[in-house]
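The values are calculated or read from the model by the stated rules, or taken from the named source; none is laboratory data. These figures come from a predicted structure and were not determined experimentally. Backbone-built Cβ (ideal geometry, glycine too); neighbour counts: all protein chains shown.
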Amino acid sequence: MRNEEIKQLIEDYKKTGEPLLTLLHQVQDLYPENYLPAEALKLVSNELKIPISSLYSTVSFYSMFSLKPRGKHIIRVCSSPPCKLEEYDSLVEALGEKLHIGVGETTKDKQFTLEEQSCLGLCSLALVMMVDDDIYKNVNVAQLPEILDTYTEE
Ligand code: FES
């Protein structure tokens, strides 16, 4: 079933000429575990005649992709200097206490994965955090419960 969906995405990709990254995003979005399994990359490689090593290089370069299963929601906290100077440590500590995970880990219920992210280009609004595609600027520890509730009520 998923192979058929991936093949359809590839057909659309061939017609539209979108960037390869867009296709890889769409394929990753098919997996609730937020990752690109080896068999999905193999299929893309075979269908598009792209060496599998090139796909792995691309996927490994961009932090938005993962080769291992992650949580339903990805929390990314910017760890570049302007954000790190703000409440970065307290925020990551508070997230760890609330979710019982550290950076790079996934909650037992597979709802959240916590990741570090390099600069998101909003340095004047540090500290910046993303949850999935949502951006939170000037974020602080006090805002965390409300932010996390947004994603746990689904
Ligand atoms: S350093 Fe965090 S957004 Fe640029």
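Descriptive notes on the structure:
- Lone unmet requirement of (1) within 15 Å of the ligand (Cβ to nearest atom); (2) under 26 Å from GLU33 (Cα atoms); (3) surrounded by fewer than 19 Cβ atoms within 10 Å (Cβ to Cβ) for ILE147: (1)
- Looking at GLU86, GLU93, just one residue is of a type in the set (Asp, Glu), outside any loop (DSSP other than H, G, I, E, B) and more than 22 Å from LEU21 (Cα to Cα), and that residue is GLU93.
- Condition met for LEU95 (in contact (Cβ under 8 Å) with a residue 12 or more places away in the chain and either surrounded by fewer than 14 Cβ atoms within 10 Å (Cβ to Cβ) or not assigned by TED's automatic domain parsing to the domain that holds GLU115 (or both)): no
- Of the set (1) over 16 Å from MET130 (Cβ atoms); (2) surrounded by 14 or more Cβ atoms within 10 Å (Cβ to Cβ); (3) without any contact (Cβ under 8 Å) to a residue 40 or more places away in the chain, all apply to SER79 but (1).
- Answer residue from segment 117-142, given it is part of a helix (DSSP H, G or I) and more than 8 Å from the ligand (Cβ to nearest atom) and is surrounded by the most Cβ atoms within 10 Å (Cβ to Cβ) among those: VAL141
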